[in-house]
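Data first, discussion second: the structure below is written as structure tokens.
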Amino acid sequence: RQLPVEAVPSTPVYRFRKLIARNRTATFAVVLVLMSVMAGIAGTVWQARVASQERDAARLEAERAGAVSDFLTDLFRSSDPNQNVGADVSAREVLDRGYERLTDLDDQPELQMALQGTMADVYSKLGMHQESKDIYEDLLAKVTERYGQESYQTTDTMIKVGICCLELSLYDEAEAHFQTCYDIRKNQEPLDHKWLSVPLRSLARVADYQGDAEKAIQLFEQSLAMMSPEEKADQDGLGRVYNNYASALSNVGRYTAADSAFAMAETCWLASLHPEHSYFGALYSNWALTRSELGDNRRAEELHRKALALKRKLKHNKVQIGVSLINLGNLLVTDGRAVSYT
């Protein structure tokens, strides 16, 4: 009957084993109940942990948002006429003042680095490429120290430093940054389709600027092969690759292929940018030259006039407006219409 006997030592384990043997059904039921309770406790603990993490993340995000708000509010206070006594304050002055104030965020290094990158980008968009390069180089040192040489943050910042170098015609320096980024990323698990396409298309631009159009074309094609025309999030980037690819094709006399690439660039940008974005000015200027080489002067003139009108509307620098006027004038002369145009 599975009762304990006195022929063996009466230990707690022995008596418990005999108890289970006599009550197998009840024991099984108790075990099921205990397992259910333990699973419930584990689930509750897990949910509490998730809720705590979400609460901490929300609090951290709120603190960061508050810090950004305070930073920007103080930054633009200089535009208050009561503060500047009616003096005009330029975007450059606000930006300079903001960069000087970044030290206020020393206790929030991630937020500080994010704002520093944003400011460097704004400097670049204002055409202040040396200032942008200096800020990005300082940021590169910070992210390398914090995240490591092979981190996404570091390699992404390398690309941005390299682009500034391109704008300053520092081609060897630009190529070094792009190549280092590519060498690091090619041995890593890609985060997205742009993982290797970005350094490749950047290296292609260097080759194109240095006059090696064939190498540029090869690199642009490798980059395009890694990108998807259906990827809505990167239509802007895809448009830039097609535009630069088209210019390289045109440089080696492959005008029909260049024409198709320019058309693809326009399609991508119309899907992702405002139709009066400055990119279209450069696109239409370069495309017009290709159409002219194909003998389609009517279409070339249309594109030249669109580029000129856009550059004037956006108040491009006078050099760019002058370039469009010269290109249009040359076309009109070639077309037998040597008339004045202002």
Item to complete: Among the candidates Leu72, Leu3, Leu60, Leu102, single out the residue that is in a helix (DSSP H, G or I), modelled with pLDDT of 70 or more, aliphatic (A, V, I, L, M) and at negative phi.
Response: Leu102
Worksheet item: Would you call Asp259 assigned to a helix (DSSP H, G or I) and either small (Gly, Ala, Ser) or touching a residue at least 40 places away in the same chain (Cβ under 8 Å) (or both)?
Response: no
Practice prompt. Please go through the range 9-60 and pick out each residue that is among the basic types (Lys, Arg) and either more than 30 Å from Glu110 (Cα to Cα) or over 58 Å from the mean Cα position of the chain (by Cα) (or both).
Written response: Arg15, Arg17, Lys18, Arg22, Arg24
Response to the item:
Checked the range 105-139 for anything modelled with pLDDT under 85, on the phi < 0 side of the Ramachandran plot and not in a helix (DSSP H, G or I); matches are Asp106, Asp107, Gln108, Leu126
Fill in: Pairs where the first residue, in the range 22-40, is free of Cβ contacts under 8 Å to residues at least 40 places away in the same chain and the second is surrounded by fewer than 10 Cβ atoms within 10 Å (Cβ to Cβ) and not in a helix (DSSP H, G or I), C-beta under 9 Å, 6+ apart
Arg22/Arg1; Arg22/Leu3
Item to complete: Residue by residue through the range 142-154, note down the ones that are open to solvent by less than 60 Å² (accessible area, probe 1.4 Å) and either in a helix (DSSP H, G or I) or hydroxyl-bearing (Ser, Thr, Tyr) (or both).
Response: Val143, Thr144, Ser151, Thr154
Item to complete: Mind listing whichever residues of the range 177-222 are among the acidic types (Asp, Glu) and either open to solvent by less than 50 Å² (accessible area, probe 1.4 Å) or part of a helix (DSSP H, G or I) (or both)?
Response: Asp183, Asp208, Glu214, Glu221
Item to complete: Look through Thr256, Thr290, Thr180, Thr267 and report the one residue that is at pLDDT below 95 and among the hydroxyl-bearing types (Ser, Thr, Tyr).
Response: Thr267
Discussion item. Residues to consider are Glu276, Glu266; find the one that is open to solvent by 50 Å² or more (accessible area, probe 1.4 Å) and among the acidic types (Asp, Glu).
Written reply: Glu276
Response to the item:
With the first residue restricted to the range 270-297 and required to be within 18 Å of Ala257 (Cβ to Cβ), and the second required to be acidic (Asp, Glu), Cβ contacts under 7 Å at 6 or more apart or on different chains are Leu283/Glu266; Thr290/Asp259; Arg291/Asp259; Leu294/Asp259
Worksheet entry | Test for Thr157: is it under 17 Å from the mean Cα position of the chain (by Cα), exposed (fewer than 14 other Cβ atoms within 10 Å of the Cβ) and under 24 Å from Asp192 (Cα atoms) | no
Worksheet item: Can you tell me which residues in the range 279-304 are open to solvent by less than 20 Å² (accessible area, probe 1.4 Å) and not aliphatic (A, V, I, L, M)?
Response: Phe280, Gly281, Tyr284, Ser285, Trp287, Thr290, His304
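For every residue, the table says whether it meets (1) among the charged types (D, E, K, R); (2) within 28 Å of Leu200 (Cα to Cα).
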residue: Glu231; (1), (2): yes, yes
residue: Asp234; (1), (2): yes, yes
residue: Val241; (1), (2): no, yes
residue: Ala261; (1), (2): no, yes
residue: Gly281; (1), (2): no, yes
residue: Asn286; (1), (2): no, yes
residue: Gly295; (1), (2): no, no
residue: Arg298; (1), (2): yes, no
Discussion item. Residue pairs, Cβ under 8 Å, 6 or more apart or interchain, first in the range 148-175 and of a type in the set (Lys, Arg), second surrounded by 21 or more Cβ atoms within 10 Å (Cβ to Cβ). List them.
Written reply: Lys160/Ala120; Lys160/Tyr136
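The values are calculated or read from the model by the stated rules, or taken from the named source; none is laboratory data. This one's a predicted model, so the numbers in the text were calculated from it and none came from an experiment. We place every Cβ from the backbone using ideal geometry, glycine too, and count neighbours over all the protein chains shown. Just the protein is used for accessible areas: all its heavy atoms, side chains included, with ligands, DNA and RNA removed. Shrake-Rupley method; radii C 1.70, N 1.55, O 1.52, S 1.80 Å.
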